[in-house]
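The values are calculated or read from the model by the stated rules, or taken from the named source; none is laboratory data. Quick caveat, the model's predicted, so the values are computed rather than measured. All Cβ positions, even for glycine, are placed from backbone atoms using ideal geometry, and neighbour counts span all protein chains on display. For accessibility, only protein heavy atoms count, side chains too; no ligands or nucleic acids. Shrake-Rupley method; radii C 1.70, N 1.55, O 1.52, S 1.80 Å.
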Amino acid sequence: IINGAEVILFTRPRRFGKTLNMSMLRYFFTQEVDGQSTKELFYHLKVAKTGENVLQHQGKYPVIFLTFKDIKETSFEKAYEKIYKLILKIYGEFSYLQTSSLLLEHQKDFIKRILKRKADQGDLENSLQELTEYLFQHHGVKPIILIDEYDTPIQAGYLKGYYDEAIFFFRNFFGAALKDNRFLFKAVLTGIL
């Protein structure tokens, strides 16, 4: 992953360990999870013996971790509401950016719009890309995006009759965040499709 492409997609069958591996990546690349340091988690494992080329990346990055596993709604409106809640949770994890002296006022306003649930669909489609930019500006390090089960809401849209709306939203959402995003270090996605 470190030496591979900027955006990596792993497609594997269900029960293959994709989520477990994404969780491991999150703990490896970020400094802390839920207020607890990740620094010593890997010391006695084989990865600690791989050398400085790998270990220099441990705990170095802001990590955006999201999973779409629970977005299996019967309509696009219901799916959109759950997607908004997911983005709201992610922005809540990085709410300290609202007071960052390194962000511009319009960037802080964007964060507030998301957190106050006043963002429109266009804002939500750009929310992941915007967050990478804000994290880079604040930390001076390009962040990592980890997206588990990227395809669950798209598959639900296909099965429940709102595929066109789902694919339109996610084409813009993933495109903005993952395609030519100069603020992104790496992105890893998993799915079954």
Furthest towards positive pole of dipole, ILE71, ASN181, TYR27, structure part the chain, Cβ charges
TYR27
Bin by bin, in steps of 5 Å, what percent of the Cα pairs in region 80-192 do you find, going until the bin that has the longest distance?
2, 11, 21, 24, 21, 12, 6, 2, 1, 0
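Any idea what % of Cα-Cα pairs in the chain are farther than 26 Å?
Numbers: 6172 of 18528 pairs.
Value for the chain (Cα pairs over 26 Å): 33 percent.
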In debye to the nearest 20, how big a dipole does the chain give about its Cα centre with +1 on each Lys and Arg Cβ and -1 on each Asp and Glu Cβ?
500
Taking only DSSP H segments of four or more residues, each worth -39500 (n - 2.57), what value at 222 nm results for the chain once the sum is divided by all its residues, to the nearest 500 deg cm²/dmol?
-14500 deg cm²/dmol
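Please report the relative contact order for region 41-114, taking Cα pairs under 8 Å with a sequence separation of at least 6, and give it as a percent rounded to a whole number. Before the final figure, lay out each step's value.
Values: 25 pairs, mean separation 14.3, N = 74.
19 percent.
At 1.4 Å probe radius, can you tell me the per residue accessible area of the chain in Å²? All intermediate terms of the calculation are to be shown ahead of the outcome.
Details: 10630 Å² over 193 residues.
The answer is 55 Å² per residue.
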Shape metrics for region 62-142, restricted to C-alpha atoms - Rg then Dmax, Å
13.0, 42
Give me the percent relative contact order of region 124-193, please, defined on Cα pairs under 8 angstrom at least 6 residues apart.
51
Output the relative contact order of the chain, whole-number percent, from Cα pairs under 8 angstrom with separation of 6+ residues.
32
Assuming R0 = 45 Å, what is the FRET efficiency of LYS179 and THR50, from their Cβ-Cβ distance, to the nearest 0.05?
0.90
Cut-off 14 Å, label point 7 angstrom out along Cα-to-Cβ of PHE168: give me the residues of region 73-89 whose amide nitrogen falls inside.
76-77, 80
